[in-house]
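Have a look at the structure below, then the notes.
The values are calculated or read from the model by the stated rules, or taken from the named source; none is laboratory data. For clarity, every value in this text was computed on a predicted model and none was experimentally measured. Counting neighbours? That spans all protein chains shown, and the Cβs are built from the backbone with ideal geometry, glycine included.
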Amino acid sequence: MNRFRQFMSGRYGFDQFSQGLVILSLVISLIGTLTRSNILITVSYIPFIYAIYRILSKDINKRMKENYQYTMFINTVKGKFLKGKRNVTGTKTHKYYTCPKCKTTIRVPRGKGKICITCPKCRTEFIKRT
């Protein structure tokens with residue numbers, strides 16, 4: 001175990017981006033196996049090899065920047081997915097509108113008829129039917 005610790009000292013290690021690359025590699029490999037496509041199986045090695053390169057890399061600053069960009073991308077995708085999910089699941093009791101000025105999402109209770117909605121962010125007022 002000490003030899004492994006000595007070997008990995010000064011190296012970047014495993015992070016979210018490396019984990020994503022390994023999962024991507026496994027998914028491509030699985031699809032290639034199910035479709036019996038040798039090309040996909042061969043292509044699945046590329047993200048896996050890059051993940052190993054990142055794990056063993058000694059350029060820590062560059063790997064941290066890559067991981068930061070990856071996590072920011074994933075967070076925006078997750079945010080959009082969760083926003084869409086919230087809009088779908090909350091439709092029985094509330095309705096969602098976007099402010100025409102600042103594009104903020106505003107939640108309004110359903111069944112109140114025509115109401116004047118005031119944006120909490122920019123104080124713009126607009127009338128909508130709930």
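With respect to the numbered conditions (1) surrounded by 13 or more Cβ atoms within 10 Å (Cβ to Cβ); (2) not assigned by TED's automatic domain parsing to the domain that holds Leu24, which one is the sole condition not fulfilled by Thr98?
(1)
Residues of the stretch 1-34 being of a type in the set (Ser, Thr, Tyr) and surrounded by fewer than 11 Cβ atoms within 10 Å (Cβ to Cβ), which ones?
Selection gives Ser9 alone.
When you go through Lys83, Lys78, Lys65, Lys114 one by one, which is the residue that is of a type outside the set (Ser, Thr, Tyr) and not assigned by TED's automatic domain parsing to the domain that holds Phe14?
Lys114
What helices (runs of 4 or more DSSP H) lie completely within the stretch 12-130 and have 2 or more residues being in contact (Cβ under 8 Å) with a residue 24 or more places away in the chain and aromatic (Phe, Trp, Tyr)?
Here the list reads 45-56.
Output the residues belonging to the stretch 42-61 that are closer than 19 Å to Phe7 by Cβ, hydrophobic (A, V, I, L, M, F, W, C) and touching a Ser or Thr at 6+ places or on another chain (Cβ under 8 Å).
Scanning the stretch 42-61 gives Ala51, Ile55.
Select, from Arg63, Arg86, Arg54, the only residue that is within 30 Å of Lys128 (Cα to Cα) and surrounded by 12 or more Cβ atoms within 10 Å (Cβ to Cβ).
Just a single option satisfies the conditions, and that option is Arg86.
Kindly evaluate Ser37 against the criterion of being under 25 Å from Glu66 (Cα atoms), in the same structural domain as Tyr70 (by TED's automatic domain parsing) and either polar (S, T, N, Q) or touching a Lys or Arg at 6+ places or on another chain (Cβ under 6 Å) (or both).
Spelling it out, it is not the case that Ser37 is under 25 Å from Glu66 (Cα atoms), in the same structural domain as Tyr70 (by TED's automatic domain parsing) and either polar (S, T, N, Q) or touching a Lys or Arg at 6+ places or on another chain (Cβ under 6 Å) (or both).
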